[in-house]
Amino acid sequence: MRIAVVGSGYVGLVAGACFADLGHDVVLVDNDERKLAALNNGQVPIHEKFLPELLTRHRGHRLTFSDNLKEAVRLSSVIFVAVGTPPTESGEADLSYVESVAREISGGIDSYKVIVEKSTVPVYTSEWVRKIVLRNGADPELFDVASNPEFLREGTAVTDFLFPDRILIGCDAERSAAVLREIYAPLTDGSYYERADAIPKPDRASVPPPLIVTSTKSAELIKHASNAFLAMKISFINAVASVCESVGADVHQVVHGVGTDSRIGSRFLNPGIGYGGSCFPKDVMAFRSVARECGYDFRLLDEVMRINDDQRQRFLRKVRSALWTLRGKNIAVLGLAFKGGTDDIRESPALFLVQALLQEGSKIRAYDPAAMERTREILGSSITFANSPYEAAAGADALLILTEWEEFAGLDLQRLRQDLKYPIVIDGRNLYDPEVMAAHGFTYYSIGRAASHPDGVPAAFLKNGKKA
Ligand code: UGA
């Protein structure tokens with residue numbers, strides 16, 4: 001199948017590379033010359049496991065790059081639209097990029113094409129795309145508009161794409177559904193997984209994935225509802241964590257007890273400093289706006305957002321209560337990315353907290369395995385960057401853990417305690433056991449659990465973990 005993917009952002013680039021790995025011929029279209037030049041030169045613009053391998057495997061053969069959308073449309077049977085849908089000031093999705101791509105696509109329709117929304121878009125977008133393409137002169141017999149939302153997570157995007165829980169296609173015409181079925185056939189018939197060169201299967205995946213076919217409107221809603229539900233799970237457990245702190249319960253025991261109910265499940269119930277990234281904050285807001293416009297006041301989503309904002313403020317209060325004043329304090333920060341496994345800092349709760357601490361006059365030395373370059377572009381020299389967690393910790397008044405990177409869960413605690421000026425760790429991601437931290441001489445604060453102290457001695461009286 002010849003496929004055009006419009007937009008070489010996260011979703012477009014990963015989808016393009018994966019479609020090529022399924023055996024399709026893909027042209028990735030973008031109007032950003034610099035991005036295209038970088039991709040053609042073999043650079044990989046995002047930190048994503050297996051993406052470099054796939055790009056090396058297919059670049060120049062099954063995967064080419066172009067800035068000529070009309071030509072790409074002419075040469076392809078299917079056009080996936082994966083351009084950005086950033087939020088407007090009022091929280092709605094800005095669909096102007098989708099509209100201008102739809103306009104341009106119409107000029108290239110000279111035989112039957114399926115135009116597929118891959119970006120996260122509000123319900124009714126496919127109808128609008130159809131109207132725009134018609135308004136610009138395309139023959140209604142020569143195209144259909146479908147919706148095929150993507151459920152990949154940053155950091156595991158390639159395996160999420162190739163080993164999905166489900167593939168969702170929203171089609172209002174059987175002819176477009178048939179085309180999309182064919183595209184995903186190597187996954188749904190299991191043949192991809194038998195290939196010797198297939199990307200390795202993650203432990204949790206069960207293959208082959210089911211293909212769900214719905215109307216386009218239902219598919220659009222499934223995407224928004226899925227992200228809103230996951231965000232709700234996170235806010236829910238963060239609210240429960242706050243209650244745990246008040247009564248002296250342990251949120252992890254609560255999660256275990258609640259999550260083993262198979263109707264609930266324990267995934268996406270990790271308490272922390274709130275969700276961030278380019279999807280949940282934007283999509284919850286957009287879904288809220290869509291509902292309002294359709295006449296439903298979805299106040300539950302307001303509360304999901306409020307709890308998420310509050311979670312950051314609660315963490316700041318925790319830092320204040322551990323350190324008293326913040327002006328002039330040297331604070332070590334582990335983690336800048338919005339979550340582990342990515343260099344993405346969009347809507348990162350870690351970055352929000354770093355900026356808040358800077359405003360309070362603290363001095364920050366930070367380490368992140370992947371996101372320091374991007375952070376430098378935003379914060380410049382207002383913070384210091386370290387080459388390792390231990391360099392960040394050296395001489396600091398306290399250490400904050402803000403991103404759930406795997407390597408932060410396996411630190412050499414003895415070394416860390418020696419490197420810090422005061423052995424205080426404030427963990428926004430609950431990577432450690434409070435008892436283990438206390439046994440190693442730390443005063444340790446986390447989310448939804450009581451603080452732990454070595455021998456019950458308050459941190460202010462300890463230097464390098466020993467009584468002063
Ligand atoms: C999210 C969804 O998980 C994907 O299914 C979806 O395809 C994607 O948005 C999208 O719409 O494109 P992503 O934003 O990459 O994926 O990251 P998640 O792993 O969902 O994490 C989002 C945020 O929630 C992170 O800040 C993470 O630290 C936080 N989180 C996640 C928690 O605080 N607790 C959890 O239990 C899980």
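Just a few scattered comments:
- Taking the longest Cα principal axis of the chain as reference, the axis of helix 216-247 is set at about 10 degrees.
- Label-point separation, Arg2 to His61 (7 Å along Cα→Cβ), nm: 2.0
- Net charge of the neighbourhood of Gln253, taken over other residues with C-beta under 14 Å away and scored Lys/Arg +1, Asp/Glu -1, is -3.
- Only helices enter the 222 nm calculation for the chain: every DSSP H run of n ≥ 4 contributes -39,500 (n - 2.57), and dividing by all residues gives -13000 deg cm²/dmol, rounded to 500.
- Separation between Cα centres of the range 156-204 and the range 213-227, rounded to whole Å: 18
- Carbon and sulfur %, accessible surface of the chain computed with the full protein complex present, 1.4 Å: 50
- Rh by Kirkwood over Cα pairs, then Stokes-Einstein D for the range 308-371 at 1.567 mPa s and 4 °C, µm²/s: 107
- Reference-scaled alpha-carbon Rg (2.2 N^0.38 Å with N residues) for the range 178-332: 1.38
- With a simple spin-label model that places each label point 7 Å from the Cα along the Cα-to-Cβ direction, the separation between Ser96 and Asp302 comes to 2.9 nm.
- The slack in the chain from Glu373 to Ala439, taken as 0.36 nm per residue of separation less the alpha-carbon distance, amounts to 20.2 nm.
- Think of a 1.4 Å ball rolled over the protein heavy atoms: the chain then has 44 Å² of accessible area per residue.
- When the charge dipole of the range 36-80 is built from unit charges on Cβ atoms (+1 for Lys and Arg, -1 for Asp and Glu) and taken about the Cα centre, the candidate among Leu55, Ala37, Leu75 whose Cα reaches farthest toward its positive end is Leu75.
- Between Ser262 and Thr156, the contour length at 0.36 nm per residue exceeds the alpha carbon distance by 35.7 nm.
- Residue ranges 233-244, 212-223, 190-201 sort as 233-244, 212-223, 190-201 when ordered by packing (mean number of other C-beta atoms within 10 Å per residue, highest first).
- Whole-angstrom gap from the range 1-44 to the range 262-284, using each part's C-alpha centre: 29
- Cα-based helix-to-principal-axis angle, 174-188 vs the chain, degrees rounded to 10: 50
- Rounded tilt (10° steps) of 280-293 against the dominant C-alpha axis of the chain: 60
- Cα-only Debye scattering, the range 287-341: base-10 log of I(q)/I(0) at q = 0.14, 0.29, 0.30 Å⁻¹: -0.62, -1.11, -1.12
- Placing unit charges on the Cβ atoms of the charged side chains and taking the dipole of the range 264-340 about its Cα centre, the candidate lying farthest along the positive direction among Ala337, Gly265, Phe298 is Ala337.
- With the convex hull constructed from alpha-carbon coordinates only, the range 48-172 shows a mean projected area of 8.9 nm² over all directions.
- Cα gyration tensor, the range 1-122 - rounded (a/c under 1.5), prolate or oblate: oblate
- Computed over the chain, the P(r) curve from all C-alpha pair distances, binned at 10 Å from the origin, holds 4, 19, 27, 24, 16, 8, 2, 0, 0 percent per bin.
- Label-reachable residues, the range 150-190, where backbone N falls under 15 Å from a point 7 Å from Tyr112's Cα toward its Cβ: 172-183
- Cα-based shape type of the range 301-417, given that a ≥ b ≥ c are square roots of the gyration tensor eigenvalues and the cut on a/c is 1.5: rounded
- Rounded if a/c under 1.5, otherwise prolate or oblate - the range 49-103, Cα gyration tensor axes: oblate
- Cα-derived Rg to Rh of the range 360-434, Kirkwood definition: 0.94
The values are calculated or read from the model by the stated rules, or taken from the named source; none is laboratory data. Fair warning: this is a prediction, and the values are worked out from it, not measured in the lab. As a convention, Cβ positions derive from the backbone with ideal geometry for all residues, glycine included, and neighbour counts pool all protein chains shown. Side chains included, ligands, DNA and RNA excluded: accessible areas come from the protein's heavy atoms. Shrake-Rupley method; radii C 1.70, N 1.55, O 1.52, S 1.80 Å.
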